[in-house]
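The structure appears right after this line, and notes come after that.
The values are calculated or read from the model by the stated rules, or taken from the named source; none is laboratory data. Computed from a prediction, not measured in an experiment: that's the story for all the values here. Backbone-built Cβ (ideal geometry, glycine too); neighbour counts: all protein chains shown. Protein only, heavy atoms only, side chains kept; ligands, DNA and RNA dropped before computing areas. Shrake-Rupley method; radii C 1.70, N 1.55, O 1.52, S 1.80 Å.
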Amino acid sequence: MAKKVETVDMADQFSEFKELKNIDKTTMISVLEESFRSVIAKMFGSDENFDVIMNPDKGDCEIYQNLEVVADGEVENPNQQIGLTDARNDDDPDCEIGEEHTRKIDFAKFGRRAILNLRQTLASKILDLQKDAIYNKFKDLEGDLVSGEVYQSWKREALLLDDEKNELILPKDQQIPTDNFHKGDTVRAVIHRVDNQNNNPKIIVSRTSDQFLRRLFELEVPEIHDGLIVIRAVARKPGERAKIAVESYDDRIDPVGACVGVKGSRIHGIVRELRNENIDVINYTSDPVLFIQRALSPAKITTIRIDEETKHAEVFLRPDEVSLAIGRGGLNIKLASELTGYTIDVYRDLDNEEDDVYLDRFNDEIDQWVIDALKAIGCATAKAVLNTPRQDLIDKADLEEDTVDEVLAILRAEFED
């Protein structure tokens, strides 16, 4: 067996790779060995009979080729076999036929092309390793808050760079409608998702997701961060309005008061971050009736009928409270439905209007979709429709003139009778 000869310092030629972020020493050594083996396999057809020994302390590499000793003249594959005389002359004088002879490989003697090939192979593996590290890091951070500096802003997306110069993509549909970014601005968002098509990680961030609102509250309200207050549900239309239901595990803590802060000190920062989005903070309760009542605030409800199986609620209010419950453009009732998980229908309380009739009573004469369109603008009864200006019914309910005239005729006939 050949004695061990002095090694050639190869790994040190690639010392610039040693300081790469997110790559530990063990992984680095493994990648170096793989790179050497890859080049060896290209040069010799296989790396199976080679030993590649990395010496991390010395920063060098030893390469040995293991060859079968055969009789002189019977060498069929010089990459696998060696003649007896050659083996004995290669510093192994006592070897015999059938034994294994180990030859030291001086990689540097293979020339500039081999070293360049090694460098390219190593660079490719390091790049893949870096991409994997970035993907794994940010995949674990999905839903977490992140800050980045605007590097470039285009029509469809903005490119942010975090403190480590990782690229964060903020698409237009994940921006608050009134967001307007300039290069150098610091922007907060949550990591929405991490794509990894063709091993090319793409970090997508969002300012419109419910999770962004949750993380901002965790940041501004210590009781939420510490787990004393829990966010039970969130519903929002980015840039316009949001509803958030909170609950405290400590009876001494008022969850709503803690979230709002003294004179709104805590919530004002969140509102500014969300471009003046109006935020309603309500006390969560497992009682669906009470939860719906709170969710429809500021409207005051007279009666609620709910079906827990179908998650449907019928809410009755005084006529002057209906518009408050529905909100501008139907936003209040929509958010209340998202927050509670119930489909909510609003009706006028007819206790003092015994001669009025709910529109659903006319579904044999009026198409249900027309009734639903009228109810969506707060006209759930016949008199509510008749007391609404004709043009408002056309514009707000988005109905054709002929349809509105037909509905009015049917309803007037009811009261004439």
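Kindly list the residues of the range 282-308 that lie in the label zone of residue 230, defined by a backbone N under 14 Å from the point 7 Å along the Cα-to-C-beta vector. Taking a point 7 Å out along Cα→Cβ of residue 230, the residues of the range 282-308 whose backbone N falls under 14 Å are 284-287.
For residue 334, a cut-off of 12 angstrom between C-alpha atoms picks up these aspartates and glutamates, skipping any fewer than 8 places away in its own chain: 345. Per residue, the accessible area of the range 234-297 comes to 48 Å², computed with a 1.4 Å probe over protein heavy atoms only. The separation of the range 319-383 from the range 39-104, counted between C-alpha centres, amounts to 88 Å.
When each of the peptides 96-102, 227-233 is scored by how many other beta carbons lie within 10 Å of its residues on average, the order from highest to lowest is 227-233, 96-102.
From helices alone, the chain scores -10500 deg cm²/dmol at 222 nm; the rule is -39500 (n - 2.57) for each run of n ≥ 4 DSSP H residues, then divide by the residue total. Residues whose amide H falls under 5 Å from that of residue 380, counting only those 5 or more places apart or on a different chain, are 348, with hydrogens built in the peptide plane. Each Lys and Arg contributes +1 and each Asp and Glu -1, all at the Cβ; summed about the Cα centre of the chain, the dipole is approximately 1780 debye. Percent of C-alpha pairs per 20 Å bin in the chain, short distances first: 19, 31, 22, 16, 10, 2, 0.
For the range 274-417, the fraction of C-alpha pairs farther apart than 25 angstrom is 31 percent. Database remark: amide H of residue 241 closer than 5 angstrom to the amide H of 278 (H placed geometrically; neighbours at sequence offset of 5 or more, or on other chains; Pro and chain starts carry no H).
Distance between the pseudo-spin-label points of residue 30 and residue 219 (7 Å out from Cα toward the beta carbon): 3.6 nm. Between residue 186 and residue 372, the simple label model (points 7 Å from Cα in the Cβ direction) yields a spacing of 4.8 nm.
Note on the chain: GNM, Cα springs under 10 Å; of 153, 206, 286, the largest mean-square fluctuation is that of 286.
Placing pseudo-labels 7 Å out from each Cα toward the beta carbon at residue 166 and residue 100 gives an inter-label distance of 4.4 nm.
Length available on full extension from residue 343 to residue 202: 0.36 nm per residue minus the Cα-Cα distance, which gives 47.1 nm.
Segment residue 154..residue 408, full-extension length gain: 86.4 nm, with 0.36 nm per residue of separation and the alpha-carbon distance subtracted. A DSSP coil position with no more than 15 other Cβ atoms inside 10 Å describes the following GluC sites (Glu not before Pro) in the range 371-417: 400.
Over the range 89-239, Cα pairs under 8 Å with separation of 6+ residues give a relative contact order of 19 percent. Pairs spanning more than 27 Å between alpha-carbon atoms, out of 109/131; 237/375; 139/165; 131/237; 300/396; 243/396: 109/131; 131/237.
Overall size of the range 239-322 from C-alpha positions, given as principal axis extents largest first: 38, 31, 22 Å. Diffusion coefficient (Stokes-Einstein, Kirkwood radius over C-alpha pairs, 20 °C, 1.002 mPa s) for the range 82-228: 108 µm²/s, rounded to a whole number. Expressed as a whole percent, the accessible surface of the chain that belongs to carbon and sulfur atoms is 44, based on a 1.4 Å probe.
Segment residue 136..residue 271, full-extension length gain: 45.4 nm, with 0.36 nm per residue of separation and the alpha-carbon distance subtracted. Loop-located GluC sites (Glu not before Pro) across the range 257-356 with a Cβ neighbour count of 15 or fewer within 10 Å are 308, 309, 353, 354, with loop assigned by DSSP. For the range 101-160, the list of GluC sites (Glu not before Pro) that fall in a loop by DSSP and count at most 15 other C-beta atoms within 10 angstrom reads 142.
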